[in-house]
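The values are calculated or read from the model by the stated rules, or taken from the named source; none is laboratory data. For clarity, every value in this text was computed on a predicted model and none was experimentally measured. Here the Cβ positions follow ideal geometry from the backbone for every residue, glycine too, while neighbour counts run over all protein chains shown. Heads up: the accessible areas ignore ligands, DNA and RNA and are worked out on the full protein's heavy atoms, side chains in. Shrake-Rupley method; radii C 1.70, N 1.55, O 1.52, S 1.80 Å.
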Amino acid sequence: MSFAVGLIAVAAFALLAPALQIMARARAWPLGPVTLLAIAALVSHGLGVALGIVAIPQFQYWDAASIFAFCVMAYVFAFGAVYKSVSLEILLGLVDRPGRTAPLSEIIERQVPDLFQGRIGILVDRGLVERVDSGLSATTAGRKMAAHVGRLRRAFGIGDTSLYDFSD
């Protein structure tokens, strides 16, 4: 029965997470999508634990928590794969066009700069970079974040790889 409670909490999360994303956009909440996912996870987990304690005399927390954590992690990985993906934005832009095609030069000149401008806007809004003359400069917070990311990359064995290799 404890596994069933974990699945009920997963169902609550699967309903709450997108509802929070929609409400945040509609009401212009200042919370980011990842923060909203964390809130949805905490609330739904708390509700699941409360349900388990009240409804099951021999509630096994770790049974419920393991199924909940696995399913929420899968959701978060899927969310992360489609959230702000440059590759998917290009694909979606192509699919929405008549004939489902566009010249590469048009994609590079129109769509890619807009995508990167959006990402730069996020960095500026978060205080990680600032505009200096016609360029950008990392702020103190940005340098600290980069140092943390560098340590995490080394810890995960990623090294200094880049998602975008423009050397060709």
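Data for the structure
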| read-out | value |
| --- | --- |
| The one condition in (1) in contact with a helix residue (DSSP H, G or I) (Cβ under 8 Å, 6 or more places away or on another chain); (2) open to solvent by less than 70 Å² (accessible area, probe 1.4 Å); (3) closer than 22 Å to Lys84 by Cα that Trp29 fails to fulfil | (2) |
| Test: residue in the stretch 4-12 that is assigned to a helix (DSSP H, G or I), touching a Ser or Thr at 6+ places or on another chain (Cβ under 6 Å) and surrounded by fewer than 18 Cβ atoms within 10 Å (Cβ to Cβ) | no |
| Residue in the stretch 9-20 that is over 30 Å from Gln117 (Cα atoms) and free of Cβ contacts under 8 Å to residues at least 24 places away in the same chain present | yes |
| Residues satisfying the stated conditions in the stretch 97-145, i.e. acidic (Asp, Glu) and more than 27 Å from Gly32 (Cα to Cα) | Glu106, Glu109, Asp133 |
